[in-house]
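First the structure, in the form of structure tokens, and then the observations on it.
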Protein chains: 2
Amino acid sequence: MTFELTKDYLDHILDLIEKQDSATLKIEMEGLYPADVTGILYEMESQEARYLINQLDTKIGAEILADLDPPERREFLKNFTSEEISRYVNLFDSDDAVDLLNEQPIRVREEVIALLEDREQARFILDLLHYDEDVAGGLMQKELVKANVNWNMNQCIEELRKQAEDVEKVYAVYVVDDHERLLGLLSLKKIVLAHKNTKVESIYDQDFIFVETYRPAEEVAELMQRYDLDAVPVVNVQGKLLGRITIDDIVDVITEQASSDTLAMAGITGDVEEDDTVWRQTQARLPWLLVGMMGGILAAKFIGFFEGDLKIVPAMAAFIPIIGSTGGNVGIQTSSIILQSLADKSGLDTGVWQRLIRMFAVALINGLIISLIVFGFNLLIGNELQLALVVSSALLSVVFLASFMGTVTPLALDKLGINPAVASGPFITTANDLIGYGVYFGLAHLLLDL
Amino acid sequence: MTFELTKDYLDHILDLIEKQDSATLKIEMEGLYPADVTGILYEMESQEARYLINQLDTKIGAEILADLDPPERREFLKNFTSEEISRYVNLFDSDDAVDLLNEQPIRVREEVIALLEDREQARFILDLLHYDEDVAGGLMQKELVKANVNWNMNQCIEELRKQAEDVEKVYAVYVVDDHERLLGLLSLKKIVLAHKNTKVESIYDQDFIFVETYRPAEEVAELMQRYDLDAVPVVNVQGKLLGRITIDDIVDVITEQASSDTLAMAGITGDVEEDDTVWRQTQARLPWLLVGMMGGILAAKFIGFFEGDLKIVPAMAAFIPIIGSTGGNVGIQTSSIILQSLADKSGLDTGVWQRLIRMFAVALINGLIISLIVFGFNLLIGNELQLALVVSSALLSVVFLASFMGTVTPLALDKLGINPAVASGPFITTANDLIGYGVYFGLAHLLLDL
């Protein structure tokens, strides 16, 4: 039932494109959903993609172009004329149209808008181009069905019939007053079940959730998730209905957010993918590797001060790794738990102190267990009691310090308006490492009487 | 418009509960959405929560209980009798009912089912209890509206009217034959716009996506996301319509997956939250810290072999951290990129070799830049040329090895059916560290003529 792309099938399609066998190609594509064709396009060169898209029905082609990931779409569209692009954009939902146009050079953008046959679409697009892509206004589409509060069901259905082609998924009809101010909504279910002469005002739902154009995308996502909404209307400050955001766009926001947070945690900047060019991947990864390297150089410089000590007790060097990795692991664990609780905004905001106390309790248990085991190991392999004491007290201190840093850093970044996900990344790990070595060599210098 | 929980408001509500001021409490709660009340409950003790829930209208109470996170719900329900639970479960959607019952001891589960007033609900629940919670059958609800293919619109609307109370969000009417086999679907929009005497068979959509009961939850999520579906029908192997999965449940699957992947990456087992008990947090974190510790002990043992070398060239110890952290950082970056591409199943499966070649190209650039800088640093601070060469060639090798491990490990885990997200966690970092130290000391021993 669902389509699975294979190498053989791809070769077959590429072969048809090569031979310009439009007829067979059309038959092959007819059996597929637009989303499946999108998957095939990702495996093609721009020229092949252009040929394939142009063989399809314009409506299907439009759906596919709307579905494509921005980097590939930008690449493909370089081979399209503005006329061709406008033919497809004409059939887009307005939010998708704006996304596509924002990826284009300003000249192409203006040409496409000027060439749009559907002038209402052009007006919609010009309206939406004002908004940042990461606020509600940038996510909304203008396509929706609205009804005046004074209408009856018959008028509602008439309006629905008029808009049916433009508005793919209806969910609900929005109820407005004479000044286009949003008053509430009317579910399709209610319309189906109501008598034709029933007035809108007697059955519409006045208890509803809306967002203002300036709300951040993540806030909208959190809201739609919390209240299980399929669509949410967007209003301006005067309460005038401007558009709506549908759940499929929000699902995309959620997955993108999760993926970019994971990458940030791993020390990768920007939305890079495995099949991006070597150069793009290097750009995304090198900065954080350099941060780690700087940390390593600082650590080298720092440990250099204790070279004399190391000459006397070379066994000290053996515990550098465990100090570093324990600090790193505890720091990442702690900050991930804090991050998760920052992302979940439904509860009451816990104070910093309460968080720290709990984190310290966990640190105490974990730290004691680890230090005791390592203490035993040291005695077992015949190291001196003093060295064993130094290593284990350094470990315990490192667990506490890393717990502290892991708690405070994401909270501080969040307060400063920086994505706290980077707090689990190389930067914090590096800082934790350095603090750990400091504690270790400091304690060693003091306790080993060097 | 949206509710924000404050400490003051919470204290006010707790005060009302303390005073058993049911009347004021009811008025306060009336202005809130169920999801907001859920947020308040998370801040309460079980007894307070029970009192508050019992003051609410049973329907609202049911919605709130359905919405609660499992750990808190299990805690709260300990104070409820089976009669009370059954009164709420009676009004649940069947999928939520099964989730709740699965959290209960078997005795409570059977009592609640026996006590359910709505016997159809009891039958639905017994049907659904068979399925694992992470397959389509475990996500589906039995509540849906279906129409026989031989009906006309009037009959459809009649059926819709009958089911309207039970099926909160309709999306589409499912079209079945006389043997309950799923033939297609009919959107509400089409029903509204069609003439009352139109036959279902002449307008229903035969081109639709469904899933079988045994499909894994993530596959359903991926499918609904790829095809922008609001709901997907679930069938058995004979094609008989059994239920449907709605997008809100899938949004939950997606967020839970993302959150548990992030935690796995950070070396945390199980779905632990910041406000879980200290003991539970320790349990979730200690295992991976112990893995890291074992790695550290192994590293110590290993570096111990080279104690003689360190006595002669103590400056070698200074570069232990940079070797470890570079290996760790490169490994995490690489595996995160592979993980991301594994999660995105739309494209063609890239072969291991192609992946490795690209990864190695990135490794070559990053590795060369880092080794050259560190080489310069070594000469600058007056270290011997030989040591500088050892450190930089070890760094370059470590970058390659970590890229190799970071690519191969998640792929291998995925093939073995283990969640590859753990590959970015402490286990791999530890393995990378150990390999790194091995290369470093091995090279040193060889090149420094120790």
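Tabulated results
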read-out	value
Rg to Rh quotient for the protein assembly as shown, alpha carbon positions, Kirkwood Rh	1.01
Rh by Kirkwood over Cα pairs, then Stokes-Einstein D for region B:278-447 at 0.692 mPa s and 37 °C, µm²/s	191 µm²/s
Gain in span if fully extended, A:Glu201 to A:Ile373, counting 0.36 nm per residue against the direct Cα distance	54.7 nm
Highest-fluctuation residue, A:Gln354, A:Gln333, A:Gln225 considered, GNM on chain A with Cα pairs under 10 Å	A:Gln354
Teacher prompt: B:Pro216 distances to equivalent labels in other copies, 7 Å Cα→Cβ, nm	3.3
Span-like helix ranges in chain B, DSSP H, alpha carbon extent 30 angstrom or more, Kyte mean at least 0.0	B:278-304, B:320-343, B:352-380, B:385-415, B:426-447
Inter-probe distance in nm under a simple model that places probes 7 Å from Cα toward Cβ, at A:Ile312 and A:Val237	7.0 nm
Estimated FRET transfer efficiency (A:Leu290, B:Leu298; beta-carbon r; R0 30 Å; 0.05)	0.55
Dimensionless Rg ratio for region B:7-133, taking C-alpha atoms and the 2.2 N^0.38 Å reference	1.07
Computed Kirkwood radius, in angstrom, where 1/r is averaged over Cα pairs of chain B	26.7 Å
Total charge dipole magnitude, the protein assembly as shown, about the Cα centre, Cβ charges on Lys, Arg, Asp, Glu only, Debye to nearest 20	1840 debye
Other protein chain Cβ atoms within 10 Å, averaged over every residue that makes up B:202-210	1
Test item: Cα-centred dipole of region B:146-248, Lys/Arg +1 and Asp/Glu -1 on Cβ, debye	380 debye
Relative contact order (%) - region B:1-108, alpha-carbon pairs under 8 angstrom, separation at least six	24 percent
Cα principal axis extents for region B:111-195, largest first, Å	47, 28, 24
Residue list for region A:221-247, given a label point 7 angstrom along the Cα-to-Cβ vector of A:Leu129 and an amide N cut-off under 17 Å	none
Computed label-point distance, nm, for sites B:Lys59 and B:Gln386 using a 7 Å Cα→Cβ extension	8.6 nm
FRET efficiency estimate (nearest 0.05) - Cβ-Cβ, B:Asp449 to B:Asp21, R0 60 angstrom	0.10
Efficiency of FRET between A:Val352 and B:Tyr9 - r from beta-carbon atoms, R0 25 angstrom, step 0.05	0.75
Nearest-first distances (nm) between copies at B:Glu4, label 7 Å from Cα via Cβ	5.0
Label point 7 Å beyond Cα along the C-beta direction, distances from A:Leu193 to other copies (nm, shortest first)	2.3
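Every read-out reported here was derived from the displayed coordinates using simple, explicitly stated rules and does not represent laboratory data. Bear in mind the structure is a predicted one, so any value in this text is a computation, not a measurement. Every residue, glycine as well, gets a Cβ built from its backbone with ideal geometry; the counts of neighbours run over all protein chains shown.
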